[in-house]
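The values are calculated or read from the model by the stated rules, or taken from the named source; none is laboratory data. Keep in mind the model is a prediction, meaning the values are calculated, not measured. Here the Cβ positions follow ideal geometry from the backbone for every residue, glycine too, while neighbour counts run over all protein chains shown. Each accessible area value is taken on the protein alone, full model and side chains, heavy atoms only, with ligands, DNA and RNA left out. Shrake-Rupley method; radii C 1.70, N 1.55, O 1.52, S 1.80 Å.
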Amino acid sequence: MAQPDNQSKRFFESLSGAGKSIAVLTSGGDAQGMNAAVRAVVRMGIYVGAKVYFIREGYQGMVDGGEDNIKEASWESVSSMLQMGGTVIGSARCKEFRSHEGRLKAAHNLVQRGITNLCVIGGDGSLTGANLFREEWSGLLEELVQQGLIDEDAVQKYSALHIVGMVGSIDNDFCGTDMTIGTDSALHRIIEVVDAIMTTAQSHQRTFVLEVMGRHCGYLALVSALACGADWVLIPEMPPEDGWEEKMCQKLSANRAGMKRLNIIIVAEGAIDCNNKPITTDHVKDLVVRCLGFDTRVTILGHVQRGGTPSAFDRILASRMGVEAVIALLETTANTPACVVSLCGNQAVRLPLMECVQMTQEVQKAMDEKKFEEAVKLRGRSFENNLKTYKLLAHRKLESELPHSNFNIAVLNVGAPAAGMNAAVRSAVRVGISEGHKMFAVNDGFEGFYKGQIKEIKWADVGGWTGQGGSLLGTKRTLPAKYVEKIAEQMRAHNINALLVIGGFEALECLLQLYEARSNYEEFCIPMCMLPATISNNVPGTDLSIGADTALNSIVETCDRIKQSASGTKRRVFIIETMGGYCGYLASVGGLAAGADAAYIYEEPFDIRDLQSNVEHLTEKMKGAIQRGLVLRNENSNENYTTDFIYQLYSEEGRGVFDCRKNVLGHMQQGGAPSPFDRNFGTKISAKAMLWLTKKMNETFRQGRVFANTEDTCCLLGMRRRALVFQPVVQLKDETDFVHRIPKEQWWLKLRPLMKILAKYKTSYDVSDSGQLEHVVRNIRPKESDTSGAM
């Protein structure tokens, strides 16, 4: 585990940073996760042999110079930084850098330290400034020569400035990336507040109007409205039409009439009407009070959204982006344009910085010109799909407006509960009803199915489900094979025309068994779709599962608290056991997000030599400035090297240097309210699955009945790299290890070297998978794929 192999040797030859200097700065508004990005840049830079510098207080520090502002970073200087919000190296808006004289001072300060590689973490303004600095670089050096501040040798030696950007902004308003660093954490803050407000609103039958940040971008408002099931949302990209006030009041009134005791209205701070006139929270409140007489309160979330610890998603995103940024800097040549490292689906990509900035500016221009549809498309497919899903779910059609399909769809949960299942069921029920279908809920999985625990479920029945953890329908691990005849009877009795199964590995096995049963029972010759929902993230055919993000956040929050418990004490190592069956996703990705020193998993076999090597590695670190160590172990990683064994080994071998504690996290990973990601992911893929089922039922309707017996009518909807894809479950058999209930190939194994590098191990890192420079794709044609696994 601790030894470099041949691949890492190749890596050092092809990507050596020896003799190079890299500086990292954070600029503009702060965002949670910036520290994780700084940590990754520093440690990856040192790992490849480069000198790495902090530039404190953003561009102001670069202009002012001095030892305090531009300081060489060490490995230890970024310890305990991962879980901190904001940016510990400071950020400031700098007027001086906007002037030529300011940039001249900045260039002089960089040349004095031999810095020609800049990693800038900020918004579009900060990145535009960096690009201008790069373009002026050679001219600035000539001026410095003329002023006698540097010599000609320095001009030759430092002739090119290389820049890589990472977007740190809670607004998620930068084109070219699905998610900016800080957005997911801001959504966590918003949803925490909304969940808390809903309990008090329900007690008093109140309406709450909430204002969220985002400047001229409605992403935070839109996604939080989706994640909490808000009654109404107002965003700049979708101004309400004339007469919206009356429509909104009608909807609020109808919801109250349907026994709902509260209303939530979310207003983006840049919300406007179709005449570009601002819509304020006070205006909305006055409207509700005047027209409906409801007890109404306003809550402006403000800078709460920027504060607090970063979420697991932001830590992983920032760590991946930071490592990718260093690789991009090492690979740049004098002709490489400044690039921004971004996320597309589940993949890191590099895009030309100015292409992204120009498209971001085009969004505002389109909005100023009232071309709102164009603005939505320019925001990207992720934003557009969020908006489409919200429109599908938000407004209940009147009976007279519904298409009459005469189709019945059953929805059920299978396997262990996972946070986000309820959001998926709610989405399925409401989209199904909007499509004109009758929706049936099956309690307790296939066990409830064969017992006849099936009843029609209505629009109002799923109100308030998005924020609830577990499975409100009930879920069991029972497989259908033994009970196919009884299940077929129930399907006949209720005339079920399609099936939506939400669950983990058992759900896949269930669909495979039902597919096999088609040859004997025509009742199973119907479209069937599975949505992956399991904290273990062990389902083949998808990179992500509903529930895994909530479990990761539970692990990371607990690890933060456990590490904090050792502050002020002697040096201590914590051994923590995670769930996941044989799948090491939670241990590996949780380890990356929590800053673990090692993570033991089944997929990467280890022996006593590896354990010994890890103990020695930790002992060496603990003799220095590091005071706390963290080791994660997947519950089924090895039947002999148990958590107790590893705890006892570390305790004995670390005697005199550090002491040990162990913690088994257990079912707390399965509980709790779903994270914003899981609510949103569950909602969107469920809506997409329902539209697919509708299409398949219409395609296979013959002679008064649905008859679907082909492979492509029994599918799993999963996220693969950059797209959501429907895959026949039969074709997934070859990709599956059924004995250990895991996929044969798992994308996240490529993240394990990052964890090891950031924990100071020499290891191989496959740079062939690093993002190549691409171009910004304009979202002008409708497309099936949705790159928003990142929301």
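Accessible area per residue was computed with a 1.4 Å probe on protein heavy atoms; HIS100 scores about 70 Å². Among the GluC sites (Glu not before Pro) found in region 269-376, those both in a DSSP coil and sparsely packed, with 12 or fewer other Cβ atoms within 10 Å of their Cβ, are GLU369. Listed values for region 259-267 are Karplus-derived 3J(HN,Hα) couplings in whole Hz (6.51 cos²θ - 1.76 cosθ + 1.60, θ = phi - 60°), namely 6, 7, 8, 8, 10, 10, 10, 10, 10, and x replaces Gly and Pro.
Overall form of the chain: oblate. Here a/c, set by the Cα gyration tensor axes a ≥ b ≥ c, is 1.5 or more, and a/b is not larger than b/c.
Based on the inverse mean of 1/r over its pairs of different Cα atoms, what is the Kirkwood hydrodynamic radius of region 299-407, in Å? Can you show the working numbers first?
Working: mean 1/r = 0.0553 Å⁻¹.
About 18.1 Å for region 299-407.
Local charge for ILE89 was computed over the other residues whose Cβ lies under 11 Å away, with Lys and Arg +1 and Asp and Glu -1, and equals +1.
Distance from the alpha carbon centroid of region 154-194 to that of region 555-588 works out to 28 angstrom. For the chain, the residue among VAL48, TRP232, MET198 whose Cα projects farthest onto the positive side of the dipole built from Cβ charges is MET198. Taking every DSSP beta bridge that has both ends in the chain, the antiparallel portion is near 25%. Within region 213-319, none of the chymotrypsin sites (Phe, Trp or Tyr not before Pro) combine a DSSP coil assignment with at most 12 other C-beta atoms in a 10 angstrom radius.
Go through region 193-242 and name the GluC sites (Glu not before Pro) that are in a DSSP coil and have 11 or fewer other Cβ atoms within 10 Å of their Cβ.
Working: sites: GLU211, GLU237, GLU241; in loops: GLU237, GLU241.
The qualifying sites are GLU241.
Compared with the dominant Cα axis of the chain, that is its longest principal axis, helix 100-112 is turned about 70°. A 1.4 Å probe run over the protein chains yields, for the chain, 38 Å² of accessible area per residue, whole-number rounding.
In the complete set of protein chains, residue-level accessible area for GLU67 is approximately 140 Å², probe 1.4 angstrom.
Whenever you get a sec, compute what percent of the accessible area on the chain sits on carbon and sulfur atoms (1.4 Å probe).
47 percent
Based on DSSP H segments of at least four residues, each scored -39500 (n - 2.57), the chain has a per-residue ellipticity at 222 nm of -12500 deg cm²/dmol. So, counting K/R as plus one and D/E as minus one, what does the shell of residues with Cβ under 12 Å around LEU552 add up to? Computed value for this residue: -4. For region 548-670, the ratio of Cα radius of gyration to the globular rule of thumb 2.2 N^0.38 Å stands at 0.98.
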